[in-house]
Each structure stands twice: as C-alpha cells, then as structure tokens.
C-alpha cells in the first residue's frame, strides 16, 4: 500500500494523469533521489502492477525498459547486508528474565512473553506483528463486534 500511495502522490504532485512507462520511469527516478532501496522499489512496482491488473489496465511485467531501469538501479545501490540478528534462545532467556524482574503486572508480563514466543516460533520480525505508531493501530472506525446473548 505504501508504494501505491507514493505513486499516487507522485502523480498528483507532477500532474500525471496517465499510468504509462514514462510516468513509472519518472517515479523510479524520484525514488532514486530519495535513496530508496532497490528491493523496496521492486515491492512498490509489484504492488502497482497488481493494482493495474486488478483494474484491467496495462501490465508492467512485459516492459523491457522498466526491467533495465530496475537492474541499473540495483547496481547503483548494491544490496546492504542485513545487520539484524535473529531472535535466539539466549535472547529469549534474557527477555524472560527481564520480564520476570520487571514491575509490570503479571498479566502484562505474560502478554509480552506470548508475543515474544509468537515471534520466535513464527520466525517473525517485530515489524510484522507490532506497530510503532498509535495512529496506525487505532482505526477511526472500530469494527462492530456482535454481542452474544445468554439464553436460559
């Protein structure tokens, strides 16, 4: 969704009303100036392509010039080595000890431990099941949850 939003903003900012190879190349060039990672641009273009296909518009898959632009982009910004460490058993032990000695209520400690176990056994990154922004978590419209009535 981020890629689609950025492309829409790009089109709005530059008064582009047509999604064609030229507008996508200009979008890629604007991302180059922002120093966006080439892997991120691949994700953005994939999302754009899916959206285009869903609406019955042209596909970006068969555009040779786009694949050449992406290849050149990738060469200019070589892939960075991932510096993040995986969640190991020793880190889990440290988290468990820290939680046990924290001033958090026992229920909250169990909740945090549950989230850590979920991440560990599911091979998740923190960003895949958490949020850094309160606004992205709280939606303006809360979903309606039907109430169950006890009969009897």
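A few notes on this one:
- Rounded if a/c under 1.5, otherwise prolate or oblate - the stretch 2-76, Cα gyration tensor axes: oblate
- Of the residues 63, 22, the one with the fewest other Cβ atoms within 10 Å heads the list, and the complete ranking is 22, 63.
- Pairwise FRET efficiency - residue 13 versus residue 76, Cβ, R0 = 22 Å, nearest 0.05: 0.40
- Sorted by Cβ density within 10 Å, fewest first, the residues 40, 93: 93, 40
- With the simple model of a label 7 Å out from the Cα in the direction of the Cβ, residue 23 to residue 40 spans 2.3 nm.
- At R0 = 30 Å, FRET efficiency that the Cβ-Cβ distance of residue 111 and residue 52 yields, to 0.05: 0.15
- Burial ordering of 36, 21, 81, fewest other beta-carbon atoms within 10 Å first: 81, 21, 36
- Projecting label points 7 angstrom from Cα along Cα→Cβ for residue 65 and residue 123 puts them 4.0 nm apart.
Values quoted throughout were computed directly from the atomic coordinates according to the rules given, and no laboratory measurement underlies them. These numbers were taken from a predicted model, which means no experiment stands behind them. Counting neighbours? That spans all protein chains shown, and the Cβs are built from the backbone with ideal geometry, glycine included.
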